[in-house]
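Trainee: Let me begin by handing over the structure; questions about it come next.
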Ligand code: NAD
């Protein structure tokens, strides 16, 4: 397997909030890898813009330290490291005043016709001001891009306000809303699997699929982010964006072309077809309790009476011809047994067994798409237990673990941000959410949160290291189904 690298044109990327966590942990390492692999040209310009009192050399030292910490000193190539750092500039600037904006203009020579992108790696409360000042300072050209990431509002009304605020200065074709799950190799492979193979499409419907499970489990709690997380919760933080986006990719109709609006139109139809949750029994909320020296969520959040959920499990349906009657079970939570993100498509059993009872049962075919850890796809099959003797049936897996194949080819599994940032530069919005998608997702989530608020009870406590509250297991047991194990 050979990774083909198509270099992008020299570009200007302004990272607002370049001294923050996201920039240091994700963006700077991602850009380094792209330069190292020959995709980002040495002539590209990365301009860090933040409030920190740094000059260019100081910021380069900070970026270098970020590479050392998040790429790993052993994996850094000295030549690429030097070339990468020389693409970096820094402007000290305040999002809330005119301080520094003139210097930013000067750092982006106007004669340049190259792609220009503004990455807003700052708190969402600054989004409006930054967008306005980018525009006001005359930095935005008709094809300049602006990049933002969750949280994109905290309900439908605020998401609409945010969309309206950007629409005041930028066209929809310029706005790149990141959901980093969509940049994961396996998620793109899900699309390749569905739409580049004739095998699955005839089976991809209510006649053949029994149910779909999507799990995004974290083993860590909210840790120091407790006070920030409180009042947000798993429904807003994870379900509204990541889990619903994954659901869309499974459930959408084949787009006519793999083009941004063709794909996003189909995803939007899925969101609009989601059956409203009217029965609160179909939505389980949990909050992790204390155990073995780890504090309960309420202590982490510094809010003894907190009603914020750190776990959600729910059942929904895509109400259209293809999916009628197929339950989609979604589950996400913190401080669970393991860190694992997985989509499982469970097919209906064989309609009739020709084998004698002594051969054992035919199993259920499950297509499991694992996003982390160990990205890969497996297909659970029933085979004959190998060896002489009678015919006995046994489960086996067709394993397409990409990490193994990449390792054999001495390739590294790229981080989602590497792909997404290069897509911004190329001007390809396929893997980014459109404003109407974000609003449709909030429109579905809002009534559930409102119903919880109205009921006013607290989420069910669950043990750290477990798979969530008992009620989440019951959600599937009632339907005669089981969740897959949360196991790394
Ligand atoms: P952070 O608090 O670590 O960094 C914020 C940055 O903003 C710093 O560089 C700071 O100097 C700059 N800043 C603050 N006030 C400013 C001002 N008035 N003018 C100019 N710059 C100012 O935040 P973060 O964790 O890097 O998150 C940035 C954004 O990305 C947020 O919107 C966050 O929700 C989102 N996000 C972060 C992560 C993550 O992994 N950290 C993941 C998903 C989304």
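Trainee: Residue pairs, Cβ under 6 Å, 6 or more apart or interchain, first in the stretch 118-140 and in the same structural domain as residue 103 (by TED's automatic domain parsing), second more than 8 Å from the ligand (Cβ to nearest atom) and part of a loop (DSSP other than H, G, I, E, B). List them.
Mentor: As it stands, the answer is 131/169; 134/140; 135/169, since those pairs meet every condition given.
Trainee: Out of all the residues in the stretch 92-111, is one or more in the same structural domain as residue 59 (by TED's automatic domain parsing), touching a helix residue (DSSP H, G or I) at 6+ places or on another chain (Cβ under 7 Å), more than 15 Å from the ligand (Cβ to nearest atom) and not in a loop (DSSP other than H, G, I, E, B)? Walk me through it before giving the result.
Mentor: Filtering the stretch 92-111 for residues in the same structural domain as residue 59 (by TED's automatic domain parsing) gives 92-111.
Add one more test, that the residue is touching a helix residue (DSSP H, G or I) at 6+ places or on another chain (Cβ under 7 Å), and what stays is 93, 95-96, 101.
From what's left, more than 15 Å from the ligand (Cβ to nearest atom): none.
No, the stretch 92-111 has no match at all.
Trainee: Condition check: under 30 Å from residue 33 (Cβ atoms), touching a helix residue (DSSP H, G or I) at 6+ places or on another chain (Cβ under 8 Å) and in the same structural domain as residue 305 (by TED's automatic domain parsing). Does residue 402 satisfy that? It would help to see each step written out before you state the result.
Mentor: On the way: under 30 Å from residue 33 (Cβ atoms): yes; touching a helix residue (DSSP H, G or I) at 6+ places or on another chain (Cβ under 8 Å): yes; in the same structural domain as residue 305 (by TED's automatic domain parsing): yes.
Yes: the conditions hold for residue 402.
Trainee: Among the residues that make up the stretch 355-365, is at least one of them out of contact with any strand residue (DSSP E or B) (no Cβ under 6 Å at 6 or more places or on another chain) and either under 26 Å from residue 201 (Cα atoms) or outside the structural domain of residue 309 (by TED's automatic domain parsing) (or both)?
Mentor: No: zero hits.
Trainee: Answer yes or no as to whether residue 73 is assigned to a helix (DSSP H, G or I) and within 16 Å of the ligand (Cβ to nearest atom).
Mentor: No; evaluated as a whole, the condition is false for this residue.
Trainee: Could you identify the single residue in 41, 7 that is away from the ligand (no atom under 12 Å from the Cβ), out of contact with any strand residue (DSSP E or B) (no Cβ under 7 Å at 6 or more places or on another chain) and not assigned by TED's automatic domain parsing to the domain that holds residue 120?
Mentor: Answer to the check: 7.
Trainee: Is it the case that residue 169 is more than 15 Å from the ligand (Cβ to nearest atom), surrounded by 17 or more Cβ atoms within 10 Å (Cβ to Cβ) and within 30 Å of residue 453 (Cα to Cα)?
Mentor: In short, no.
Trainee: Applying the selection to the stretch 136-151, what residues are more than 12 Å from the ligand (Cβ to nearest atom) and surrounded by fewer than 21 Cβ atoms within 10 Å (Cβ to Cβ)? Even if it seems obvious, please write down each step before you answer.
Mentor: Kept after step one, since they are more than 12 Å from the ligand (Cβ to nearest atom), are these residues of the stretch 136-151: 136-146.
Residues satisfying the conditions are 136, 137, 138, 139, 140, 141, 142, 143, 144.
Trainee: While we're here: For residue 405, are the conditions met, namely being modelled with pLDDT of 95 or more and surrounded by fewer than 16 Cβ atoms within 10 Å (Cβ to Cβ)?
Mentor: Here the answer is no, as residue 405 does not meet what is asked.
Trainee: Checking the structure you have, find out if any residue of the stretch 50-63 is more than 16 Å from the ligand (Cβ to nearest atom), surrounded by fewer than 19 Cβ atoms within 10 Å (Cβ to Cβ), assigned by TED's automatic domain parsing to the domain that holds residue 123 and farther than 16 Å from residue 117 by Cα.
Mentor: We begin by selecting, within the stretch 50-63, every residue more than 16 Å from the ligand (Cβ to nearest atom); these are 57.
Subset that is surrounded by fewer than 19 Cβ atoms within 10 Å (Cβ to Cβ): 57.
With the extra rule that they be assigned by TED's automatic domain parsing to the domain that holds residue 123, the set shrinks to 57.
When the remaining residues are screened for being farther than 16 Å from residue 117 by Cα, the result is 57.
Checked the stretch 50-63: at least one residue is more than 16 Å from the ligand (Cβ to nearest atom), surrounded by fewer than 19 Cβ atoms within 10 Å (Cβ to Cβ), assigned by TED's automatic domain parsing to the domain that holds residue 123 and farther than 16 Å from residue 117 by Cα.
Trainee: Do you know which residues across the stretch 13-35 are more than 9 Å from the ligand (Cβ to nearest atom) and part of a strand (DSSP E or B)?
Mentor: 13, 14, listed by residue number.
Matching residues to (1) buried (at least 19 other Cβ atoms within 10 Å of the Cβ); (2) within 30 Å of residue 243 (Cβ to Cβ); (3) under 24 Å from the mean Cα position of the chain (by Cα); (4) more than 16 Å from the ligand (Cβ to nearest atom):
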position	(1), (2), (3), (4)
77	no, no, no, yes
121	yes, yes, yes, no
125	no, yes, yes, no
129	no, no, no, no
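Trainee: Which residue, of 231, 221, is at pLDDT below 95, in a loop (DSSP other than H, G, I, E, B) and either touching a strand residue (DSSP E or B) at 6+ places or on another chain (Cβ under 8 Å) or within 16 Å of the ligand (Cβ to nearest atom) (or both)?
Mentor: One residue alone meets the criteria, 231.
Trainee: Within the stretch 274-299, which residues are part of a helix (DSSP H, G or I) and buried (at least 16 other Cβ atoms within 10 Å of the Cβ)?
Mentor: Taking the stretch 274-299 first, the residues part of a helix (DSSP H, G or I) are 280-282, 297-299.
Passing the criteria: 282, 297, 298.
Trainee: Also, I was wondering about something else. Among the numbered conditions (1) outside any helix (DSSP H, G or I); (2) under 20 Å from the mean Cα position of the chain (by Cα), tell me where residue 351 comes up short.
Mentor: Every listed condition holds for residue 351 apart from (2).
Trainee: Sticking with this structure for a sec: Name, by its number, the condition in (1) more than 16 Å from the ligand (Cβ to nearest atom); (2) in contact (Cβ under 8 Å) with a residue 40 or more places away in the chain; (3) assigned to a loop (DSSP other than H, G, I, E, B) that does not hold for residue 211.
Mentor: Unmet for residue 211, out of (1) more than 16 Å from the ligand (Cβ to nearest atom); (2) in contact (Cβ under 8 Å) with a residue 40 or more places away in the chain; (3) assigned to a loop (DSSP other than H, G, I, E, B): (3).
Trainee: Turning to a different aspect of this structure: Residues 116, 133: which one is within 12 Å of the ligand (Cβ to nearest atom) and on the phi < 0 side of the Ramachandran plot?
Mentor: Working: 116 fails: within 12 Å of the ligand (Cβ to nearest atom).
After applying the criteria, what remains is 133.
The values are calculated or read from the model by the stated rules, or taken from the named source; none is laboratory data. These figures come from a predicted structure and were not determined experimentally. Heads up, the Cβs are rebuilt from the backbone with ideal geometry, glycines too, and the neighbour counts pull from every protein chain shown.
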